[in-house]
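Structure first, then comments.
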Amino acid sequence: MTEPELVEQDGVGVPDALQRLWTPHRMAYIRGQDKPEGEEPEGCPFCRLPGLGDDKRALIVARGETVFAVLNLYPYNPGHLMVVPYRHVADYPDLTPEETRELAEFTQHAMGVIRAVSAAHGFNIGMNQGVIAGAGIAAHLHQHLVPRWGGDANFMPVIGHTKVLPQLLGETRDLLAGAW
């Protein structure tokens, strides 16, 4: 293995042996760009996505009667998807029995699909209810399903505050949708 060429960049001091993985697309997430404000469905991406008419463009993996599965635009791991009710509802107890049942069934099915196409070793599944609990879009309930593999939480997120994703979202969506 050859050593990386150390290049001095004006204003950053003495070059070091660290390589940089630039992820400028994440600035939209960090800045909250296009994040809906308030509790109204206007501007809510989860309300807007099903109406785009192009599931591939919207990254929708599958649709049910009351919920749909969509890839996370800012995934923790490849295959990170969310199960979302069509209805603009914020609080889990406000789901109808039909929505609750289909949300659970979609989650179970998604686990099987992800295991089949990518051999996930485990999953993190959960909801952040309310802004204070960490919900990025608190006004529209959504359940995260994050596939996990042994060793996937390497040093990058801890030290470099960076996620390395080996697959583009469109490729992940096609793989999951095809297996759904």
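Observations
- Hits in segment 88-110 - residues which are part of a loop (DSSP other than H, G, I, E, B) and either surrounded by 15 or more Cβ atoms within 10 Å (Cβ to Cβ) or polar (S, T, N, Q) (or both): His88, Val89, Leu95, Thr96
Residue-wise test of (1) among the aliphatic types (A, V, I, L, M); (2) closer than 24 Å to Asn77 by Cβ; (3) under 19 Å from the mean Cα position of the chain (by Cα).
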residue	(1), (2), (3)
Leu95	yes, no, no
Glu99	no, no, no
Leu103	yes, yes, yes
His109	no, yes, yes
Val113	yes, yes, yes
Val117	yes, yes, yes
Phe123	no, yes, yes
Gly126	no, yes, yes
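- Taking segment 78-87 as the range and being outside any strand (DSSP E or B) and open to solvent by less than 50 Å² (accessible area, probe 1.4 Å) as the test, the residues that pass are Pro78, Gly79, His80.
Yes/no matrix, rows are residues, columns are (1) open to solvent by less than 30 Å² (accessible area, probe 1.4 Å); (2) in a helix (DSSP H, G or I); (3) among the β-branched types (Val, Ile, Thr):
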{"site": "Glu65", "(1), (2), (3)": "no, no, no"}
{"site": "Val70", "(1), (2), (3)": "yes, no, yes"}
{"site": "Tyr76", "(1), (2), (3)": "no, no, no"}
{"site": "Gly112", "(1), (2), (3)": "no, yes, no"}
{"site": "Ala120", "(1), (2), (3)": "yes, no, no"}
{"site": "Ile125", "(1), (2), (3)": "no, no, yes"}
{"site": "Ile132", "(1), (2), (3)": "no, yes, yes"}
{"site": "His144", "(1), (2), (3)": "no, no, no"}
{"site": "Pro147", "(1), (2), (3)": "yes, no, no"}
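- Qualifying residue in segment 143-151 (condition: under 24 Å from Ala58 (Cα atoms) and modelled with pLDDT under 85): no
The values are calculated or read from the model by the stated rules, or taken from the named source; none is laboratory data. From a predicted model like this one, the values you see are computed outputs, not experimental measurements. Counting neighbours? That spans all protein chains shown, and the Cβs are built from the backbone with ideal geometry, glycine included. Protein only, heavy atoms only, side chains kept; ligands, DNA and RNA dropped before computing areas. Shrake-Rupley method; radii C 1.70, N 1.55, O 1.52, S 1.80 Å.
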